[in-house]
Amino acid sequence: MNNALLIYILDEGETCIAIYFNISMPVMDFLTESHNAMLSHGVKLYAEIFVNAQGERQYSSFESKEIDLFASYFNDTAYNSFFFSCYSVQDITQIKQFGYFYDTPSSYSIEVKGGRETDKSRELIQMRMISKNPNKQIQSFYRTFQKNLKKISGLQKHTQKNYFYLPTEKIIIPANPHSQNTRDNWEDFNLSIK
């Protein structure tokens, strides 16, 4: 399993936040934990789903009343990633053409990979601050959300790898970018590379 390099940035109050933050927990719990931080910071959550083989994407926003629907995207073979953003999605044509993380939106966003889960394994949820100069609103959200996640009862930090996890009997596998190209057997792909 690859260790993600943890990089820290300082805000005006000298509080460290990790640009990369990896955690292993059920997606439903992750979405529930994120909800209050999103509300208090004016941040939205979107899922990025591939529509076709040409790479066209569809974006669906998270609504708290439809948490089950949003969580179901993680089982969709076309699921690519999701992201938190305080940037208002206005020009969907431009976003579909270039992907969400072109130019300006990247400063307002946190990319999130992984989160799939089966009876055998749980994929790490890997969050990444995209911009070197993030918007203060998204930076504040990210700091708060990381603090909230670290306070979850029973959460542990892996002693040798750079991730947090809720104990499970399942195999914890990395949020492997190569698994995006394997539509039906992402778990087998990841388990075979150990």
- Note on the structure: Residues whose modelled amide H sits under 5 Å from the amide H of residue 122, counting only those 5 or more places away in sequence or on another chain, are 171, 172, 173
- Solvent-accessible area of residue 28 with every protein chain in place, 1.4 Å probe, in Å² to the nearest 10: 70 Å²
- Give the ranking of 27, 51 by solvent-accessible surface, highest area first, calculated with a 1.4 Å probe. 51, 27
- Query: If each of residue 40 and residue 169 carries a label point 7 Å out from its Cα toward its Cβ, how far apart are those two points in nm?
  - Reply: 3.6 nm
- Task: Subtracting the Cα-Cα distance from 0.36 nm times the residue separation, let me have the gained length for residue 118 to residue 58 in nm, one decimal.
- Result: 19.2 nm
- Message: Students sometimes get this wrong: rank 165, 79 by accessible area, probe 1.4 Å, all chains present, largest first.
- Response: 165, 79
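Taking 45 Å as R0, compute the FRET efficiency from the Cβ-Cβ separation of residue 28 and residue 132 and round it to 0.05.
Numbers: r = 32 Å, r/R0 = 0.72.
The formula returns an efficiency of 0.90 here.
The values are calculated or read from the model by the stated rules, or taken from the named source; none is laboratory data. Predicted model, so just to flag it, every value in this text is computed and none were measured. So basically every Cβ, Gly included, is an ideal-geometry build from the backbone, and we count neighbours across all protein chains shown. Just so you know, the surface numbers come from the protein's heavy atoms only, side chains and all, with ligands and any DNA or RNA stripped out. Shrake-Rupley method; radii C 1.70, N 1.55, O 1.52, S 1.80 Å.
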